[in-house]
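A short worksheet on the structure shown next.
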Amino acid sequence: MFNILHQSPLSKNLQRLFLLRSIAIVVQCILFALAYSIIELNVPWAKMTIVVVIHILLNFFTWVRLHHTFPVSNLEFFAQLLIDIFVLTALLYFAGGSTNPFISLYLLPLTIAAAILPWRYTWAIAGMTITCYTILLFEYIPLPHDHSDDHSAHLMEFNLHISGMWLTFVLSTLLIAWFVVKMSSSIRDRDKDLAQAREQALRNEQIIALGTLAAGAAHELGTPLSTMAVIAGELQQEYPQDEEFQNNIHILRNQIMHCKQTLTQLLAKAGQARTEDGNSQSVDYFLKQILDKWQLIRPSTKFSYQCDGVQPVPLIMNTQLLSQSILNLLNNAADASTNQVSIKSTWDQHTLNLEIHDDGKGLTGEAVQRAGEAFFTNKAPGQGFGIGLFLANANIERFGGNVRLFNHPEGGACTHVTLPLIPNMT
């Protein structure tokens, strides 16, 4: 079996050429056996057998080459086609030259070259096939003919020639159709990969732009947050007897402090070479930390949490980016929820599945389709910028996971997150 992962288009096409050549060799052997035993055709069988054996050996070397990982070049594929042309020319030379009905098989390598190789290689193949055909018009070993006046013998020879032409047409049609269909499939796969690469490049540009804007915003927000913290402290001292006011001020100061800590971490992380570096934690403790932090950020949000998984609990790579991405998803659910957010986590030794279910209005069709885009949101103006889900998607995918949004059968929207885990070896 060939390793088809990460193969270039030319490598895949060389694999198909190997299969095509193998089919041709089998058909040649069958035709030789029929012509030798049934028709009793008198041709240089020994020399033709040597040519076929050489063809088999060259095809074996191609099979060995296909097991190496270095890519196939246009020149190498061109050389492979030349092998088939020279072998076909040698066989036709010993079997009637241009009078042989299989002369049309020259169209096979030409068709393959035109479909795969650059124009200069295609014209070279065209010139080579024309040259070989022209030489075979004059230089060849004629097929034996019955020179008697037996009409039935001449009719049999004519019928054999016509049958050979029909067989050549059928083989050429089937092989060309098979190869072109496979090649078209490779082109579609390549176009799909290019589209994904362009989409990833665009996403990376958006992430870089968001990171630049976030760093600038962190610097600009530091001063007003410090001013808010000072004023909140003064207000707390001015009305010490008002219990409700003190509770509200306490919540406000906690929120301001959390914002300042977040900005401090953001500026500190911006100067590091790898923000994704982190430490491994048990997945249950990792989720508990995130939920505790989320409860501090959104104290008014009611939620229920259920967890279930194998024991011992596997580990997960805890990083600032990953925990922030899950916080973004939790915040989106809290914004959409009218009463309560339901959170459920399950895990095995290899994968964490996290479901975040809100009881809001659910997702529109446009929201489902554009959920992974930056700056798209279905929130009211001023209530969201459409970057939280985008960044969560990008970061979780970098860690080998994925995010899926759908409308829950019981109402509301559901965010399903899968993340790879580190098996606990203890």
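Near the amide H of T351, under 5 Å away, which other amide H atoms are found, from residues 5 or more places off or on another chain, if H is placed in the peptide plane?
L421
Applying 1/(1 + (r/R0)^6) with R0 = 22 Å to the Cβ-Cβ distance of N339 and T227, what FRET efficiency is obtained, to the nearest 0.05? Walk me through the intermediate numbers first.
Details: r = 36 Å, r/R0 = 1.62.
In this case the efficiency is close to 0.05.
For F245 and V310, what does the FRET efficiency come to when R0 = 35 Å and r is the distance between their Cβ atoms, rounded to the nearest 0.05?
Details: r = 49 Å, r/R0 = 1.40.
Approximately 0.10, to the nearest 0.05.
List the trypsin sites (Lys or Arg not before Pro) in the stretch 16-92 that DSSP assigns to loop (not H, G, I, E or B) and whose Cβ has at most 13 other Cβ atoms within 10 Å. Which are they? Don't skip to the end; give the middle numbers.
On the way: sites: R16, R21, K47, R65; in loops: none.
Answer in residue order: no site qualifies.
Residue by residue through the stretch 287-296, which ³J(HN,Hα) values in whole Hz follow from phi under the Karplus form 6.51 cos²θ - 1.76 cosθ + 1.60 (θ = phi - 60°), with glycine and proline marked x?
5, 4, 4, 5, 5, 5, 5, 5, 5, 5
Quote to one decimal, in nm, the extra length available between D284 and D348 on full extension: 0.36 nm per residue of separation minus the C-alpha distance between them.
Working: separation 64, 0.36 × 64 = 23.04 nm, distance 1.18 nm.
Stretched out fully, the D284 to D348 stretch lengthens by 21.9 nm.
Taking the full set of protein chains and a 1.4 angstrom probe, give the accessible area of T129 in square angstrom, rounded to the nearest 10.
Taking all protein chains as shown, T129 has close to 10 Å².
Considering amide H positions built from the backbone, and no H for Pro or chain starts, which residues 5 or more places from A95, or on another chain, come under 5 Å of its amide H?
I141
At 7 Å along the Cα-to-beta-carbon direction for both W45 and L107, put a label point, then send me their distance in nm to one decimal.
Distance between the two pseudo-spin positions: 3.2 nm.
Whose amide H sits under 5 Å from the amide H of H408, counting only residues 5 or more places off or on another chain, with H placed in the peptide plane?
Under 5 Å from the amide H of H408: A413, C414.
Sorted by accessible area with a 1.4 angstrom probe, largest first, how do Y106, Y285 fall?
Heavy-atom accessible area, descending, gives Y285, Y106.
Say each of I297 and A79 gets a label point 7 Å from the Cα, pointing the same way as Cα to Cβ; how far apart are those two points in nm?
Modelled inter-label distance: 5.9 nm.
Pull out the extension gain between A114 and I38, defined as 0.36 nm times the separation in residues minus the alpha carbon to alpha carbon distance; nm, one decimal. Please list the in-between numbers first.
Values: separation 76, 0.36 × 76 = 27.36 nm, distance 3.81 nm.
Gain on extension, A114 to I38, equals 23.6 nm.
Once the piece of chain linking I25 and F169 is laid out straight, how much longer is it, given 0.36 nm per residue of separation minus the C-alpha distance between them?
Values: separation 144, 0.36 × 144 = 51.84 nm, distance 1.70 nm.
Length gained between I25 and F169: 50.1 nm.
Tell me the label-point distance for the pair E234, H68, using the 7 Å Cα-to-Cβ offset, in nm and rounded to one decimal.
Those two pseudo-labels are separated by 7.9 nm.
I'd like the FRET efficiency for I141 and S185, computed as 1/(1 + (r/R0)^6) with the beta carbon distance as r and R0 of 51 Å, rounded to 0.05.
Working: r = 42 Å, r/R0 = 0.82.
That gives a FRET efficiency of 0.75.
Rounded if a/c is under 1.5, else prolate if a/b is larger than b/c, else oblate: which is the stretch 1-137, with a ≥ b ≥ c the root eigenvalues of its Cα gyration tensor? Numbers along the way, then the final one.
Details: a/c = 2.64, a/b = 1.48, b/c = 1.79.
Taking the square roots of the gyration eigenvalues as a ≥ b ≥ c, the stretch 1-137 is oblate.
Give the lysines reachable from K182 as a straight Cα distance under 18 Å; neighbours fewer than 8 places away on the same chain don't count.
Within the straight-line limit of under 18 Å, K182 reaches these lysines: K12, K192.
I'd like the Karplus ³J(HN,Hα) series for the stretch 330-337: coefficients 6.51, -1.76, 1.60, θ = phi - 60°, whole numbers in Hz, and an x wherever there's a Gly or Pro.
Rounded to whole hertz, the list is 5, 5, 4, 5, 5, 5, 7, 6.
The values are calculated or read from the model by the stated rules, or taken from the named source; none is laboratory data. Only a predicted model underlies this, so the values are computations on that prediction, with no experimental measurement involved. As a convention, Cβ positions derive from the backbone with ideal geometry for all residues, glycine included, and neighbour counts pool all protein chains shown. For the accessible areas, the whole protein counts, side chains as well, though only heavy atoms, and no ligand, DNA or RNA atoms are used. Shrake-Rupley method; radii C 1.70, N 1.55, O 1.52, S 1.80 Å.
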